[in-house]
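Colleague: I'd like to ask you about the structure that follows.
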Amino acid sequence: MSEKIDLILAEALIALENGGIEVDQLLERYPEQSAELSPLLALTAAMRSVELPSPDPRFKAAAWARMYNRISVEQPLSFWERLRRFWQYSILQFTFTRQPAIVLILIAIFLISMLGGGTVYASGGAIPGDFLYPVKVAVEDVRLAIATKQLEGGLYLKFAERRVGEVLALIDLGRYEEVESTTLKFEQQLALGVESILQADQDEISPKDAAAYDESISEHIVVLGSILDLDRVPETIKKSIRGAMSAASASLEKLRRSEDGPDDNLEGPVPLGDPTQTPTQRPTLAQAEGTSSPTALPTLIPTIEPKSAITEAPAPTATPTKTVPPTRTATPTEAPAPTATPTITVPPTRTATPVDTATPTDDGKTLPTQASTAAHTAVAKPTSTPKP
Amino acid sequence: MINMEQLKDLPDNELLERLRLGDTAAFGCLYDRYFDPLYKYIFFRVSSKAEAEDLTEEVFLKTWEALHVPRAPMINFRAWLYRVAHNIVVDHYRASKKTDPLHQSSSFRETGESMEKIVEKKQTAEEIARAVAQLEPRFQQVITCRFISGLSHAETAEIMGLNINNLRVLQYRALRKLNSLLNKGDLSK
């Protein structure tokens, strides 16, 4: 009987999980086993009713911020790496049709080679959602792939600037659905650009270049800020814009700190990964945990002209002076409870985060990993990572 | 091009495809989707909020490390994720030499019910948690996966590396043992 009862129990559990039947009705189906089944089914019902606590949303967001910092260092993949992975995973496994974007890029590259530079030139003005936009992105990836380390940072910043132009164009055309991904790309490229500049030999960056980078990023902040004045722009889009502005401010601050000399406080602010909050309210991880003071971010507002004909946007006035935006206050008790939608990324910030990257080994095991911050230490122990 | 809302609605395998091509936002979606259920799974096993938080974070670090490098496609990401979580919990106990996690009475969530009901529920939850902690590891795993995390027979079998028939037998034995422990009422061992 015991050989059969496990099967009967499993069937009964499935029936209960699917709903539409009560325990009593179920037991009537199995009169011989009902005495044994009854307490077991009652026990499973009791276990299913156990209410477990949810994680602290602040912890969840902070953990994502730590993870994002780590991820962003490794992103994005170069064009060739993406192509290689596509080949390895998609073509060889006959999942060609599941990668329309990549297929489009490959077709575009083929067309470029056949038609010469005309397509590339034509793609220059493409914006996200346009047919030729993948060509534009592919060309950028190629340029990054072949750029030297010294040129890489400048290229990233140049492409980040293009993203700002694209955001303006998208808003001008009312194509809001592409704005969020474009601002995310902007944040990513800006962060990578600044990271690359900081890693390059500082002697090879002339003061003129440094000033140009500073001015360029400051300009992005102002241009993006002009979008916030537009009444017709939905609030969700404005949130993305504020996120991008916050990321630009963080990058600018990072750049300026490096210009001022080595940073003694390597455990500087880590953004709390709550993309649903506006940047000005976005507390740092340290702030969320009540251990850090806020950082005032002096932002240079340069003289610029808006790059797009957004009619509703008032042209920024020429103010060639340094202004200090409102200081972010550290009030840990007011740290917003994030509604954990961490897929809208936070700007990567260099922190004193010792990270020992675990490397999965051939037998599916991984080496120990540590990811800790000043205020929180992730437990890291040798762990088996299964091979599915 | 796909926006964030559309991205959130994609199934796991689509997100994994995008992740392989370097789309960080896809990983963010997976994180968002699985952080809470994994936390609860781990919490039930370790009984400490702080430890559950740390271990859940570790699960995602391991997942990132495993996923962002080229690897064979995954058939069931959710099952794989729980398996990583299980291994991390096992290693955690191995490292800390704990064998009998005592569940904290204050840890189970209080709802808007009457105090009497809350106390009753808490007692039940704690009794169950203590009894589960006394089971052998494989019994603990099958009980947690099936009745705490609500995973299917097939997913639990995949996580535990068993075929479905063996899983059914294991489930029956685990429940019978748990029932016997609870009926004895002596969970202080």
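Colleague: Please list B:Asp23, A:Asp209 from largest to smallest accessible area, probe radius 1.4 Å, with all protein chains kept in place. Each step should come with its number before you reach the end.
Modeller: On the way: B:Asp23 40, A:Asp209 65 Å².
Sorted by accessible area, descending: A:Asp209, B:Asp23.
Colleague: With 26 Å as the limit, write out which pairs from A:Lys60/A:Lys185; A:Lys149/B:Lys62; A:Lys239/B:Lys40; A:Lys4/B:Lys40 have Cα-Cα distances beyond it, or answer none.
Modeller: Details: A:Lys60/A:Lys185 23 Å; A:Lys149/B:Lys62 30 Å; A:Lys239/B:Lys40 31 Å; A:Lys4/B:Lys40 33 Å.
With Cα atoms farther than 26 Å apart: A:Lys149/B:Lys62; A:Lys239/B:Lys40; A:Lys4/B:Lys40.
Colleague: Using just the alpha carbons, could you tell me how many Å³ per residue the convex hull of the range A:133-222 encloses?
Modeller: Numbers: hull volume 7.7 nm³, N = 90.
Per-residue hull volume (Cα only) is 86 Å³.
Colleague: Multiply the residue separation of A:Leu7 and A:Ala45 by 0.36 nm, subtract the distance between their alpha-carbon atoms, and state the gained length in nm to one decimal. List each step's numbers first, then the result.
Modeller: Values: separation 38, 0.36 × 38 = 13.68 nm, distance 1.82 nm.
Difference between extended and current length: 11.9 nm.
Colleague: Over both sides of the A-B contact, add up the buried accessible area with a 1.4 Å probe and give it to the nearest 100 Å². Could you put the intermediate results ahead of the total?
Modeller: Details: alone 21870 and 11210 Å², together 26030 Å².
Buried: approximately 7000 Å² between B and A.
Colleague: Could you let me know the centre-to-centre spacing of the range A:16-54 and the range A:203-243, using Cα atoms, in angstrom?
Modeller: Here the answer is 59 Å between Cα centres.
The values are calculated or read from the model by the stated rules, or taken from the named source; none is laboratory data. In this text the structure is predicted, and so the values were computed from the model without any measurement. We work out accessible area using only protein heavy atoms, side chains counted, and drop any ligands, DNA or RNA first. Shrake-Rupley method; radii C 1.70, N 1.55, O 1.52, S 1.80 Å.
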